[in-house]
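Working notes, beginning with the structure itself.
The values are calculated or read from the model by the stated rules, or taken from the named source; none is laboratory data. Because the structure is predicted, anything quoted here is derived from the model rather than measured. Positions of Cβ are backbone-derived with ideal geometry, glycine not excepted, and every protein chain shown enters the neighbour counts. Heavy atoms of the whole protein, side chains included, go into the accessibility calculation; ligands, DNA and RNA do not. Shrake-Rupley method; radii C 1.70, N 1.55, O 1.52, S 1.80 Å.
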Amino acid sequence: MRLYEFQAKRLFADAGIPVPASRLIVSPDQVAGLSFPAVLKAQVPVGGRGKAGGIRLATDRGQAETAAEELLGSDIRGYTAGALLAEEVAQVQREVYLALVLDKGAGRVTIVGSAEGGVDIEEVAQTAPDKIVSRALDPFLGLPPFTVRSVAKELGIQDMAELDAVLRAMYDLLRANDAILVEINPLAVTARGLLALD
């Protein structure tokens with residue numbers, strides 16, 4: 001089962017993973033009351049929305065209404081956008097990629113990360129595999145602190161405790177929901193801490 005971004009972010013928020021303040025919009029008139037600037041994101045169960053024109057920045061209500069009119073009902077990579085997620089704009093210092101993946105062959109959960117966030121991770125893996133961090137987790141040890149420290153160092157994240165909290169929440173979500181992938185792309189480093197943008 002693939003989740004829409006707004007559904008995944010509800011799970012993240014419930015698990016304690018920081019996410020931007022947001023609101024679901026299904027008609028252009030619902031942009032009234034948004035704080036600007038805001039990001040409007042087409043809700044389709046596929047990646048690459050930004051490249052396909054499915055994400056817009058609005059600095060005022062008029063831009064938001066225009067973006068909503070254009071995005072709602074539009075085709076984004078073969079899916080119709082029936083809703084938009086309107087989010088506050090984060091003051092991003094840099095972006096990283098972070099995921100937990102169930103490696104069925106090895107029977108283990110693997111942390112996959114990259115200091116190159118907000119990009120197509122498959123492309124990074126092909127063109128610059130040295131920029132990918134990968135740590136298989138021992139099912140008996142779970143998520144030990146030394147693994148979190150190692151991943152934090154390779155991703156350039158200073159606050160190890162904050163990364164530890166995010167990874168543990170992701171690990172718990174993966175196990176509780178029998179998921180094969182829990183992914184944050186990008187995970188933003190901000191002055192207020194880590195923030196799951198997508």
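At 1.4 Å probe size, put 192, 2, 94, 61 in order of accessible surface, largest to smallest. Spell out each step's value before the answer.
Working: 192 205, 2 160, 94 75, 61 120 Å².
Highest to lowest solvent-accessible surface, that is 192, 2, 61, 94.
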Would you mind listing how long the stretch 104-198 runs along its three principal axes, going by Cα atoms, in whole Å with the largest first? 33, 31, 24
Using the alpha-carbon centroid of each, what span in Å lies between the stretch 1-46 and the stretch 74-89? 10
Calculated Rg and Dmax of the Cα atoms in Å (choose from (1) 16.1, 50; (2) 17.9, 57; (3) 17.3, 54), label: (3)
For the residue 146, residue 7 Cβ pair and Förster radius 30 Å, calculated FRET efficiency rounded to 0.05 is 0.35
Could you please tell me the mean projected area of the C-alpha convex hull for the stretch 29-133, averaged over all directions and given in square nanometres to one decimal? 8.5
Please find the FRET efficiency linking residue 91 to residue 14, where r is the Cβ-Cβ separation and R0 is fixed at 25 Å, and quote it to the nearest 0.05. 0.50
Can you give the accessible area of residue 104 in Å² (nearest 10), computed on protein heavy atoms with a 1.4 Å probe? 150
Taking only DSSP H segments of four or more residues, each worth -39500 (n - 2.57), what value at 222 nm results for the chain once the sum is divided by all its residues, to the nearest 500 deg cm²/dmol? -9000 deg cm²/dmol
For the stretch 1-132: accessible area per residue (Å², 1.4 Å): 53
Once you place label points 7 Å from the Cα toward the Cβ at residue 177 and residue 51, how far apart are they in nm? 2.4
For residue 117, the residues 5 or more places away or on another chain with a placed amide H closer than 5 Å to its own amide H are 95, 96, 97
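Of all the accessible heavy-atom surface of the stretch 110-198, with the other protein chains kept in place and a 1.4 Å probe, what percent is carbon and sulfur? Write out the running numbers ahead of the final one.
On the way: 2430 of 4690 Å².
Summing carbon and sulfur atoms, their accessible area is 52 percent of the total for the stretch 110-198.
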Between the Cα axis of helix 61-71 and the main Cα principal axis of the chain, the angle (0 to 90°, nearest 10) is 70
